[in-house]
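Everything below concerns the one structure shown next.
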Amino acid sequence: MAGSRHGKDLLLIGIDYRSAPEVLRDRLFQDEISTEEGLGALAAAGLKAAVLIATCERIDVILPAEQREDEQAARRWLASLAGAESRRLGDSLYRLSGEEALLHLWRIAASLESAMPGEPQVLGQVRKAERLAEEAGLLSPPLVEAFQAAFAAAKRVRSETALGERAVTMASAALQVARDLHGKLDSCRLLLLGLGEGLELFVGPFQSVGVQQVLVCHPNGPRADAAALRLGAHARRWEEREQALAEAEIVITGMASAHYSLEPDLLRRVIKARRHRPILVIDGGVPGDVNPSAGELEDIFLYDFDDLEGLALAGQSRRRLALEDAKTILAEELERWRLRLSGRETAALLREAEIGLRALEADALSAGEGSAVSLLRQQLLERLTAMARGLGRQQPEERAALERLIKGLFSARYDDEKE
């Protein structure tokens, strides 16, 4: 049925900052990955419809699950990005279909799947992904409908909850802590140790209050270079991180690796090189980047995102409430989606019933074919009844009512013919 293609058969294959081990994150979540080139590669592999969301936190391929070859082509493309580490890809990929894929897409658009939920730029990234797919000729009607629903859901989350305020309040809290520690910030240097959209949200507010120099340091040199160019910052090699730490008054981390990036011994050397001038260290890693014992060092002032959130006006309770509100909104939007889908399926079923009745009417006009008409009537009735039972989005009593309606239509028409 035509309606079933709009949501039921959606497929999403992806990998994100949580599912990928560190070695894969460095290979996959590169700023150099071009969405346009990725879409071109998917089209060259034979995909007729797909949307690619590629950021420094995730790569997701969304497509109508019409052919298994499409899924395999998407997996091969992801494996080509992973290169020598492709053997690690299988355990890190997630595959979602139907409503699970749809809801995951909505959660991405609403910034519920981000390292820092509420990041304001995420919806723009998803909109851009849809636009690029359209320009590449890869946007099919089911994808259009799924993404339009995602935009509507994300807009509700942003306008009806306080989730979007979280990033703003955390940046404000970080600025206040920095001012309390360093006073005026126009002579301070900010170091991003790691990359990620959540970290970059802090750069603008610090620059707006006078921070002139921003440093970016990451093990992946090309990623650091690209981020520095985008932020108007200076890239530093990973081998130079100790010197970069010694130069910075404010450090924000976002490595999210399996081991600590900042240990007390390293920070002791940094403090000595700085002649014991204090450093504000904000640990933005998930899991943490800084050994908690580093917070005991006299000149290290260590905060994590939860600490900043606690300093913000609403604190963690406001965040939890906003997340619950967002989940409720998405559940409501999913129910609306189900109702629209069910309505289309029911309409298609009744249209087919009407066509069947007209066919029976034409056959009934042919003399001497009563047995054939009766057989056709029975076969069509059985088929439509089975289709009615397959409308999984309806309640049992609704399906039963629809079955009675179809049988009633057939019985009434058949009785008229006999008379």
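Just so it is clear, none of the values below were taken in a lab; they were calculated from the coordinates. The structure presented is a predicted model; accordingly, all values stated were derived computationally and were not measured. Counting neighbours? That spans all protein chains shown, and the Cβs are built from the backbone with ideal geometry, glycine included.
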Against the rule of thumb 2.2 N^0.38 Å, how large the Cα Rg of the range 22-125 comes out: 1.06
Loop GluC sites (Glu not before Pro), the range 199-307 (other Cβ atoms within 10 Å of the site Cβ: 16 or fewer; DSSP): GLU298
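Summing +1 for each Lys or Arg and -1 for each Asp or Glu, what net charge is found among the other residues whose Cβ lies under 15 Å from the Cβ of LEU181?
-1
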I want to verify the translational diffusion coefficient of the range 165-313 in µm²/s; compute it with Stokes-Einstein, Rh as the Kirkwood radius over Cα pairs, at 20 °C and 1.002 mPa s. 142
